[in-house]
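K.L.:
Could you have a look at this structure, given as structure tokens, before my questions?
Every read-out reported here was derived from the displayed coordinates using simple, explicitly stated rules and does not represent laboratory data. As the structure is a prediction and not an experimental result, all values here were calculated from the model. We place every Cβ from the backbone using ideal geometry, glycine too, and count neighbours over all the protein chains shown.
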Amino acid sequence: MSNSRGPVAVLGGGSFGTTLANLMAADGVPVTLWLRDAAVAEEISQQHSNTRYLPGIELDSKLRVTTDLLQAVEQAPVIFLAIPSSALRSVLAQIGPLLADRIVVSTTKGIQLPGFVLMSDIIEEAAPKARVAVLSGPNLAREMAEGALTATVVASPDEALCQAVQDVLGGSKLRVYASLDRYGVELGGALKNVYAIIAGMAAALGMGENTKSMLITRALAEMTRFAVHMGANPLTFLGLAGVGDLIVTCMSPKSRNYRVGFALGEGKSLDEAVASLGQVAEGVNTLRVLKQKADAEGVYMPLVAGLHAILFEQQPLDKVIGRLMSAEQKQDVEFAAFMACTPLEGV
Ligand SMILES: NC(=O)c1ccc[n+]([C@@H]2O[C@H](COP(=O)([O-])OP(=O)(O)OC[C@H]3O[C@@H](n4cnc5c(N)ncnc54)[C@H](O)[C@@H]3O)[C@@H](O)[C@H]2O)c1
Ligand SMILES: O=P(O)(O)OC[C@H](O)CO
């Protein structure tokens, strides 16, 4: 098995897996994309397109594709996972022991039950000897596939691992920054999806720019409060995987979570909003898991509680907004307080 620039396997042939694999293939990295659907694999290999997830994008002819999972991972020292959080366990169950000593990078931005299970936890359970990192940041797949200049973060306490991922993934269109705070980067990517649903709702309801700015800023305070309580470094939330990803997902109709929120704001039911999307919106499940955890830990998360009340407790929107606006008016910037009790390492 070789290393510094591949071979690489990308597991998951949806929007993000196809995009990441294509970027690396175009940059000369030997990549194999694994997906389940033989017809999509055939289309990628013969037509160099994935019309279901990236319509109108011409994929690089060097991109190899397979429906054979073992073949994909067999010779790859670096493996990216771009599988929805709900399916990660079942995919890893088929290959766990094969992943010993490999670099396994989760790009999945979700949290699962029971309890509060991150994707890195699922990987380490299935493959205890793998070297695990997470990748997160303001990374709308469609824009990356179109060649937009983009930055992301690879996070692991293992600096050599981060360097290996930077070498393989970084290129003329994509800058890959490193972080030692894997936990914070992973939480940032998952939590921001919940606030993107709220931002989409606010947009559909015609709320003003002041309101959108208030939402994003208070969302950052709220998600950081939770993450710091759980052990993450607050400074991580000032970076690409925190405020960077929160901004893009809360501002862009290209975000699927934002689009779910927008559809809800237009009066669709949650089932209708999710069904009309046809792609994964991790924020809906994350909201359930996060609300439970915040309650159990006693962390104050009024925006999460408000969205949960609307989606899962049948509370009317105007009542929830009224409650949010009449809550105690607290301190603005909490970062000083967060940082006073957190060592400035692990960012
Ligand atoms: N799309 C983006 O812009 C983006 C960016 C960064 C991170 N992510 C994260 O990447 C993850 C994947 O998202 P996506 O955008 O590629 O989703 P998607 O909805 O575009 O595609 C999901 C893919 O997963 C496949 N899949 C579903 N269940 C599977 C299973 N059991 N086994 C194998 N494959 C299965 C589907 O067939 C599909 O190819 C999500 O957690 C998402 O938050 C997405
Ligand atoms: O389309 P979304 O809402 O899943 O967001 C995609 C990425 O996470 C943005 O960084």
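K.L.:
Residues in the stretch 7-31 near a label at S90, defined as backbone nitrogen under 16 Å from the 7 Å Cα→Cβ point?
P.N.:
Under cut-off, by backbone N: 12-14.
K.L.:
Just going by the charge dipole of the stretch 8-180, with Lys and Arg at +1 and Asp and Glu at -1 on Cβ, which of L92, I122, V168 is farthest out on the positive end?
P.N.:
Highest projection toward the positive end goes to I122.
K.L.:
With θ set to phi - 60°, apply the Karplus curve 6.51 cos²θ - 1.76 cosθ + 1.60 along the stretch 132-139 and write out the HN-Hα couplings as whole Hz, x wherever there is a Gly or Pro.
P.N.:
9, 10, 10, 10, 7, x, x, 10
K.L.:
In nm, to one decimal, how far is the modelled label at D295 from the one at T51, with both set 7 Å along Cα→Cβ?
P.N.:
Modelled inter-label distance: 4.6 nm.
K.L.:
Can you find, among L149, P30, V304, the residue sitting farthest towards the positive end of the charge dipole of the chain, where Lys and Arg contribute +1 and Asp and Glu -1 at Cβ?
P.N.:
V304
K.L.:
Right, something else. Suppose R0 equals 22 Å. What FRET efficiency, 1/(1 + (r/R0)^6) with r the Cβ-Cβ distance, do E124 and F312 give to the nearest 0.05?
P.N.:
0.15
K.L.:
Would you please give the residues with an amide H less than 5 Å from that of R64, counting only those at least 5 places away or on a separate chain, with H modeled from the backbone geometry?
P.N.:
Result for R64 returns V31, L33.
K.L.:
Once the Cα atoms of the stretch 8-180 are picked out, what are the Rg and Dmax in Å?
P.N.:
Over the stretch 8-180's Cα set, Rg and Dmax evaluate to 14.9, 43 Å.
K.L.:
Another one. At 0.36 nm per residue, and after removing the present C-alpha to C-alpha distance, how many nm does the segment from L149 to N210 gain when stretched out fully?
P.N.:
Difference between extended and current length: 19.1 nm.
K.L.:
Another question about this same structure. Under a point-charge model restricted to the Cβ atoms of Lys and Arg (+1) and Asp and Glu (-1), what is the dipole moment magnitude of the chain relative to its Cα centre, in debye to the nearest 20?
P.N.:
In debye, rounded to 20, the chain gives about 280.
K.L.:
May I ask you to derive the FRET efficiency for E42 and Q331 from their Cβ-Cβ distance with R0 = 56 Å, giving the value to the nearest 0.05?
P.N.:
The computed FRET efficiency comes out at 0.45.
K.L.:
Mean Kyte-Doolittle of at least -1.0 plus a Cα span of 18 Å or more along the axis: flag which DSSP H helices in the chain meet both, please.
P.N.:
Membrane-span-like by this rule: 182-204, 209-230, 283-297.
K.L.:
Holding the Cα-Cα limit at 32 Å, pick out from K129/K212; K192/K330; K109/K319; K129/K293 the pairs that are longer than that.
P.N.:
K129/K212
K.L.:
With n ≥ 4 as the cut-off for DSSP H runs, can you work out [θ] at 222 nm for the chain, using -39500 (n - 2.57) per run divided by the number of residues, rounded to the nearest 500?
P.N.:
Calculated at 222 nm, the ellipticity per residue is -15000 deg cm²/dmol.
K.L.:
Can you list the lysines whose alpha carbon sits under 27 Å from that of K62, skipping same-chain ones fewer than 8 residues off?
P.N.:
List returned: K173.
K.L.:
Ok, one more. Given the stretch 8-180, what percent of its DSSP beta bridges are antiparallel, to the nearest 5?
P.N.:
Given both bridge residues lie in the stretch 8-180, the antiparallel proportion sits at roughly 15 percent.
K.L.:
Can you list residues whose amide H is under 5 Å from A178's amide H, if they're 5+ apart or on another chain and H is modeled 1.01 Å from N?
P.N.:
V154
K.L.:
Taking 1 over the mean of 1/r across every pair of different Cα atoms in the stretch 82-185, what Kirkwood radius in Å do you get?
P.N.:
About 14.3 Å, per the Kirkwood formula over Cα pairs.
K.L.:
Looking at N210, A232, V105, which one has the Cα that reaches farthest to the positive end of the dipole of the chain (charges on Cβ: Lys, Arg +1; Asp, Glu -1)?
P.N.:
N210
K.L.:
Let me check against my output: what whole-number percent is the relative contact order of the chain, with C-alpha pairs under 8 Å and at least 6 apart?
P.N.:
Relative contact order comes out at 14 percent.
K.L.:
Take every Cα-Cα pair in the chain and report what % of them are more than 24 Å apart.
P.N.:
Summing the P(r) tail past 24 Å for the chain gives 54 percent.
K.L.:
Still on this structure: For D167 and M251, what does the FRET efficiency come to when R0 = 41 Å and r is the distance between their Cβ atoms, rounded to the nearest 0.05?
P.N.:
In this case the efficiency is close to 0.85.
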